[in-house]
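See structure below.
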Amino acid sequence: MSKHQDIIKYISSLQVGTKISVRGIASDLGVSEGTAYRAIKDAEVLNIVSTIPRVGTVRIEKVAKKSIESLSYAEVVNIVEGTLLAGKAGIHKRLNKFIIGAMQEKEAQKYMSPGCLTIVGNREDIQELSLENQCAVLITGGLSCGDKIKKLADAKKLPIISSTYDTFTVATMISKAISESLIKKDIILVEDIMNQNPEYLRAVDNVLDLRKKIEKTGHERYPVLDEEDNVVGIVTIKDIPQDNKENVTINKIMSKEPITVTKKTTVAYAAHVMGWEGIEICPVVDGKKLIGIVGREEVIKALQYITRQPQVGETVEDLILKNFQYEVHENIMKFSGKIIPEMLDQLGTASWSSMNMLLSTAGILGLRYRNNINISVDSIITYFMKPVQMDSIIEIHAEIIDIGRSFCKVEVNMYKKKDLIAKTMLSAKILR
């Protein structure tokens, strides 16, 4: 085992919340500071340590995928531009909710629960009550707390944070951060859906081996590896020679230089590549080594999951579209609604970017309404004719003008009364 791996193993063995430094690691393990620094940076990539402003580098708990709406106390320190007064060992913990302690002790205790953050001034009675109920404390107005409270926080391993902002501002900042995190969907990566034990063939195998593999597994496509387990090609049942020569080696009939993805590639990108290139399977590699395989069927299912995933927060797109209603007349999908303040630019008219978003979204919705298909937008061309004022009632007409097996085109027009405001031509790739 190398020194680098020794350091990673040593960091992994440390208790969560332990402070880590380059000099300390170098001294404890007898390695150079350069080696220690590189190992700590790799540990950050592995999500087992985190560098927190005003605190330092600490050992943290590695969790595969935490709830997207959950914030850690370390993130709260950054959000409110605060200072950590005590309870450093609990800085990695995550909060479930926050309350404002502007009430008597008896009433405040009703709202306190483990994992809660209490926002309060210099009221030590509420501060102590919060810590006794397993709640962290955020003191506003740049105020501090007594030594008794600090010792209790250290003992309970619960952070006490001080911020120079007032209570209203702090609560607004945290609420905004939670709202923004709710908007983020759980991004699905290739590693979440890939087959980690794929069937494969060697470049030196022959057509007879391919036939046996097809009979055994029922699959028609396989990655091809060389003697060093590097992916060098893809072979399918269609590649079998028509003369049925079974001694022909795989490296002579396979498709070379195959398109590959890594385990951290997003499913959306993989879908785009597979749809664009017209391929059914895609090897997943680490460097050039095969670690899995992902198929078109798994990708399409994942995309369907993404589109159905509920969101608690509202995106700008949601905010704008909820003011629109739609109806379908023959082959035309018609949207009607008004221009809201969130769509305005600095001149007081609807911004070109928000109008372009409306036009493209209407086109995509028109396609999905007709065939419930997954698409990847290829190109958009928009022409704007006239500006639009706030509260103007507009109509958007989306009409599919051409649709094939792989590509489709949509014409989208925006009207104010009968005046043409904008026209868009949208071309998209259909993912089946």
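Got a number for residues in segment 193-208 being within 22 Å of Ile291 (Cβ to Cβ) and surrounded by fewer than 16 Cβ atoms within 10 Å (Cβ to Cβ)? If you could, list the steps in order and put the result at the bottom.
Kept after step one, since they are within 22 Å of Ile291 (Cβ to Cβ), are these residues of segment 193-208: 193-205.
If we keep only those that are surrounded by fewer than 16 Cβ atoms within 10 Å (Cβ to Cβ) as well, we get 195-197, 199, 204.
Summing the residues that are within 22 Å of Ile291 (Cβ to Cβ) and surrounded by fewer than 16 Cβ atoms within 10 Å (Cβ to Cβ) in segment 193-208 gives 5.
Of Ile79, Ile11, which residue is over 24 Å from Met173 (Cα atoms), among the aliphatic types (A, V, I, L, M) and modelled with pLDDT of 85 or more?
Working: Ile79 fails: over 24 Å from Met173 (Cα atoms).
Only one candidate qualifies: Ile11.
Answer with yes or no whether Thr217 is out of contact with any strand residue (DSSP E or B) (no Cβ under 7 Å at 6 or more places or on another chain) and of a type in the set (Ser, Thr, Tyr).
Considered against the rule, which asks whether it is out of contact with any strand residue (DSSP E or B) (no Cβ under 7 Å at 6 or more places or on another chain) and of a type in the set (Ser, Thr, Tyr), Thr217 comes out as yes.
Could you say whether any residue in segment 119-132 is within 25 Å of Lys19 (Cβ to Cβ) and among the hydroxyl-bearing types (Ser, Thr, Tyr)? So that I can check it myself, show each step before the final result.
To start, the set of residues in segment 119-132 that are within 25 Å of Lys19 (Cβ to Cβ) comprises 127, 130-131.
Next, from what is left, pick out any that are among the hydroxyl-bearing types (Ser, Thr, Tyr): 130.
Yes, there is a match, as at least one residue in segment 119-132 is within 25 Å of Lys19 (Cβ to Cβ) and among the hydroxyl-bearing types (Ser, Thr, Tyr).
Of all residues in segment 253-267 being buried (at least 16 other Cβ atoms within 10 Å of the Cβ) and among the hydrophobic types (A, V, I, L, M, F, W, C), which is farthest from Val377 (Cα to Cα)?
Ile253
Being part of a loop (DSSP other than H, G, I, E, B) and β-branched (Val, Ile, Thr) is the filter; apply it to segment 19-50 and report the residue that is nearest to Ile7 (Cα to Cα).
Residues of segment 19-50 that are part of a loop (DSSP other than H, G, I, E, B), as a first pass: 21, 30-32, 46-48.
Still in the running and β-branched (Val, Ile, Thr): 31, 48.
Details: Val31: 9, Ile48: 12 Å.
Result: Val31.
Pairs under 9 Å by beta carbon, first residue assigned by TED's automatic domain parsing to the domain that holds Asp154 in segment 84-107, partner assigned to a strand (DSSP E or B) and among the charged types (D, E, K, R), six or more apart or different chains?
Taking only residues 6 or more apart or on different chains, the pairs are Lys88/Lys19; His92/Arg59.
Would you be able to tell me the number of residues in segment 213-252 that are of a type in the set (A, V, I, L, M) and at pLDDT 90 or above? Give the derivation first.
Narrowing segment 213-252 to residues of a type in the set (A, V, I, L, M): 214, 224-225, 231-232, 234-235, 237, 240, 248, 250.
Now drop any that are not at pLDDT 90 or above, which leaves 224-225, 231-232, 234-235.
Going through segment 213-252 one residue at a time, the tally reaches 6.
Out of all the residues in segment 337-394, which are among the charged types (D, E, K, R) and either without any contact (Cβ under 8 Å) to a residue 12 or more places away in the chain or on the phi > 0 side of the Ramachandran plot (or both)? Break it down stepwise before answering.
Taking segment 337-394 first, the residues among the charged types (D, E, K, R) are 338, 342, 345, 368, 370, 378, 386, 391.
Answer for segment 337-394, where residues must be among the charged types (D, E, K, R) and either without any contact (Cβ under 8 Å) to a residue 12 or more places away in the chain or on the phi > 0 side of the Ramachandran plot (or both): Asp345, Arg368, Asp391.
For every residue, the table says whether it meets (1) basic (Lys, Arg); (2) surrounded by 16 or more Cβ atoms within 10 Å (Cβ to Cβ); (3) under 30 Å from Glu298 (Cβ atoms); (4) in contact with a strand residue (DSSP E or B) (Cβ under 8 Å, 6 or more places away or on another chain).
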| site | (1), (2), (3), (4) |
| --- | --- |
| Ile339 | no, yes, no, yes |
| Gln346 | no, no, no, no |
| Thr361 | no, yes, yes, no |
| Ile375 | no, yes, yes, yes |
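Report whether or not Leu431 is within 26 Å of Lys301 (Cα to Cα), in contact (Cβ under 8 Å) with a residue 12 or more places away in the chain and touching a Gly at 6+ places or on another chain (Cβ under 9 Å). Before the answer, list the steps.
Details: within 26 Å of Lys301 (Cα to Cα): yes; in contact (Cβ under 8 Å) with a residue 12 or more places away in the chain: yes; touching a Gly at 6+ places or on another chain (Cβ under 9 Å): yes.
Considered against the rule, which asks whether it is within 26 Å of Lys301 (Cα to Cα), in contact (Cβ under 8 Å) with a residue 12 or more places away in the chain and touching a Gly at 6+ places or on another chain (Cβ under 9 Å), Leu431 comes out as yes.
If I ask for residues that are part of a strand (DSSP E or B), under 16 Å from Asp226 (Cβ atoms) and among the β-branched types (Val, Ile, Thr), which ones from segment 246-299 would you list? Spell out how you get there, then give the answer.
First, pick out the residues of segment 246-299 that are part of a strand (DSSP E or B): 249, 255-256, 261, 266, 281-286, 289-295.
Pick out the ones that are also under 16 Å from Asp226 (Cβ atoms) and you get 249, 255-256, 283, 285-286, 289-291.
Correct list: Thr249, Val285, Ile291.
Looking at segment 319-360, which of its residues are of a type in the set (A, V, I, L, M) and not in a strand (DSSP E or B)? Spell out how you get there, then give the answer.
Filtering segment 319-360 for residues of a type in the set (A, V, I, L, M) gives 319-321, 328, 332-333, 339-340, 343-344, 347, 350, 355, 357-359.
The answer is Leu319, Ile320, Leu321, Ile339, Ile340, Met343, Leu347, Met355, Met357, Leu358, Leu359.
Whether any residue in segment 231-249 is surrounded by 12 or more Cβ atoms within 10 Å (Cβ to Cβ), more than 30 Å from Arg368 (Cα to Cα) and of a type in the set (S, T, N, Q) is what I want to check.
yes
Search segment 114-129 for residues that are in the same structural domain as Val77 (by TED's automatic domain parsing) and buried (at least 22 other Cβ atoms within 10 Å of the Cβ) and pair each with any residue that is among the hydroxyl-bearing types (Ser, Thr, Tyr) and part of a loop (DSSP other than H, G, I, E, B) when their beta-carbon atoms are under 6 Å apart and the residues are at least 6 apart or on different chains.
none
Output the residues belonging to segment 20-47 that are polar (S, T, N, Q), at pLDDT 85 or above and surrounded by fewer than 17 Cβ atoms within 10 Å (Cβ to Cβ). Quick ask: steps written out before the conclusion?
Let us first name the residues in segment 20-47 that are polar (S, T, N, Q), namely 21, 27, 32, 35, 47.
Next, only the ones that are at pLDDT 85 or above stay: 21, 27, 32, 35.
Passing the criteria: Ser21, Ser27, Ser32.
For Ala428, indicate whether it is more than 13 Å from Phe335 (Cβ to Cβ), modelled with pLDDT of 85 or more, aliphatic (A, V, I, L, M) and under 27 Å from the mean Cα position of the chain (by Cα). First the steps, then the outcome.
Values: more than 13 Å from Phe335 (Cβ to Cβ): yes; modelled with pLDDT of 85 or more: yes; aliphatic (A, V, I, L, M): yes; under 27 Å from the mean Cα position of the chain (by Cα): yes.
Spelling it out, Ala428 is indeed more than 13 Å from Phe335 (Cβ to Cβ), modelled with pLDDT of 85 or more, aliphatic (A, V, I, L, M) and under 27 Å from the mean Cα position of the chain (by Cα).
(1) small (Gly, Ala, Ser); (2) farther than 19 Å from Ile99 by Cα; (3) buried (at least 18 other Cβ atoms within 10 Å of the Cβ): which one isn't true of Ala155, the others all being true?
So the condition that Ala155 fails would be (3).
Exactly one condition in (1) surrounded by 15 or more Cβ atoms within 10 Å (Cβ to Cβ); (2) hydroxyl-bearing (Ser, Thr, Tyr); (3) modelled with pLDDT of 80 or more is not met by Ser50; state its number.
(3)
To keep it simple, each residue is scored yes or no on (1) among the aliphatic types (A, V, I, L, M); (2) under 37 Å from the mean Cα position of the chain (by Cα); (3) within 16 Å of Ile174 (Cβ to Cβ).
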{"residue": "Gly87", "(1), (2), (3)": "no, yes, no"}
{"residue": "Asn96", "(1), (2), (3)": "no, yes, yes"}
{"residue": "Lys110", "(1), (2), (3)": "no, yes, no"}
{"residue": "Pro114", "(1), (2), (3)": "no, yes, no"}
{"residue": "Thr118", "(1), (2), (3)": "no, yes, yes"}
{"residue": "Gln127", "(1), (2), (3)": "no, yes, no"}
{"residue": "Ile149", "(1), (2), (3)": "yes, no, no"}
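The values are calculated or read from the model by the stated rules, or taken from the named source; none is laboratory data. What you see is a predicted model; the values in this text were computed from it and never measured. Backbone-built Cβ (ideal geometry, glycine too); neighbour counts: all protein chains shown.
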